[in-house]
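Engineer: Please find one structure pasted underneath; my questions will follow.
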Amino acid sequence: MTDAPHRRVGPAGPPARTATRVKRFPLWSLIAAGVLLGGVAGGAYGVLKTPQYSATSYVIAVPDEKTDPSVALGFAQAYGRVATQDAVLGDAQARAGVPVKKLQSSVQAETSPDAPMVAVSATSAKPREAAVMANAVAMALTVTADRTQASTKVKLLQFSRAMKPTSPSSASPRVTALVGASAGGLLGGLVMLVRPRRERTETNATVPGPAAAADLQGSV
């Protein structure tokens with residue numbers, strides 16, 4: 001029998017050998033890239049976003065001498081729900097000098113389950129405007145309560161006026177950068193976990209050359 005070189009049939013070849021030489025990036029690079037990109041995006045958002053300022057005015061429900069104090073707590077809850085309604089905001093727009101739509105998107109009211117008090121907060125890119133809007137809505141709410149005082153036996157008084165804020169209430173660029181970096185790292189980790197695992201299986205079949213095949217046929 002004549003020994004003949006064998007041919008190897010399979011995917012191995014110059015492209016495959018070149019690909020095997022390329023080192024894969026380590027898995028932790030996905031997390032590092034996510035942290036870096038998230039931090040840059042969050043910091044840019046904090047820098048480009050207009051700072052917002054918040055101001056809060058407080059009103060308190062006061063019952064008359066013959067009314068149970070618990071009634072005032074219930075009416076404070078009710079007035080807190082109507083503080084951002086059109087009837088109140090319509091009266092406040094003249095004092096605030098802004099449209100009703102502006103008040104609807106900028107003013108919020110909160111109540112306490114323990115105290116007959118309503119907190120009216122306003123947010124704006126201008127510190128003075130935020131304080132003016134909060135005070136205007138709080139004053140309009142007390143006027144609305146005065147109209148029904150004869151039947152409710154409860155009146156609203158402005159407990160504390162909103163002051164012009166000196167610092168923004170929105171997150172600083174440092175905070176948004178940290179939030180973005182955390183979100184980016186989490187996303188990178190999720191991508192690393194759900195990525196498909198490619199297991200390359202190369203099946204190389206060895207077949208005899210032409211001379212070896214002829215020898216096999218002659219021996220049969």
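The values are calculated or read from the model by the stated rules, or taken from the named source; none is laboratory data. Small disclaimer: the values here were computed from a predicted structure and weren't measured. In this analysis, Cβ positions are derived from the backbone assuming ideal geometry, glycine residues included, and neighbour counts consider all displayed protein chains. Calculation scope for accessible area: heavy atoms of the full protein, side chains included, ligands and nucleic acids excluded. Shrake-Rupley method; radii C 1.70, N 1.55, O 1.52, S 1.80 Å.
Engineer: So in the stretch 104-116, with the set limited to residues that are hydrophobic (A, V, I, L, M, F, W, C) and crowded, with 19+ Cβ neighbours inside 10 Å, which one is farthest from the chain's Cα centre (by Cα)?
Structural biologist: Ala109
Engineer: Exactly one condition in (1) surrounded by fewer than 18 Cβ atoms within 10 Å (Cβ to Cβ); (2) closer than 13 Å to Leu141 by Cα is false for Leu89; which is it?
Structural biologist: With respect to (1) surrounded by fewer than 18 Cβ atoms within 10 Å (Cβ to Cβ); (2) closer than 13 Å to Leu141 by Cα, Leu89 is out only on (1).
Engineer: Moving on. Which residue, of Ala122, Ala130, Ala136, is open to solvent by less than 10 Å² (accessible area, probe 1.4 Å), more than 15 Å from Val59 (Cα to Cα), among the small types (Gly, Ala, Ser) and at pLDDT 90 or above?
Structural biologist: Unique residue meeting the criteria: Ala130.
Engineer: Among what's in the stretch 143-162 and is part of a loop (DSSP other than H, G, I, E, B) and over 29 Å from the mean Cα position of the chain (by Cα), pick the residue that is nearest to Ser70 (Cα to Cα).
Structural biologist: Restricting to residues being part of a loop (DSSP other than H, G, I, E, B) and over 29 Å from the mean Cα position of the chain (by Cα), the top hit is Lys153.
Engineer: Among the numbered conditions (1) open to solvent by less than 60 Å² (accessible area, probe 1.4 Å); (2) at pLDDT 90 or above; (3) outside any strand (DSSP E or B), tell me where Lys101 comes up short.
Structural biologist: It is condition (1) that Lys101 fails.
Residue-by-condition table, conditions (1) touching a His at 6+ places or on another chain (Cβ under 7 Å); (2) modelled with pLDDT under 85; (3) open to solvent by 90 Å² or more (accessible area, probe 1.4 Å):
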position: Pro14; (1), (2), (3): no, yes, no
position: Leu27; (1), (2), (3): no, yes, no
position: Gly38; (1), (2), (3): no, yes, no
position: Val47; (1), (2), (3): no, yes, yes
position: Ala83; (1), (2), (3): no, no, no
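Engineer: Pick out the one residue from Ala130, Ala119, Ala140 that is aliphatic (A, V, I, L, M), more than 24 Å from the chain's Cα centre (by Cα) and in a helix (DSSP H, G or I).
Structural biologist: Only one candidate passes the filter, namely Ala140.
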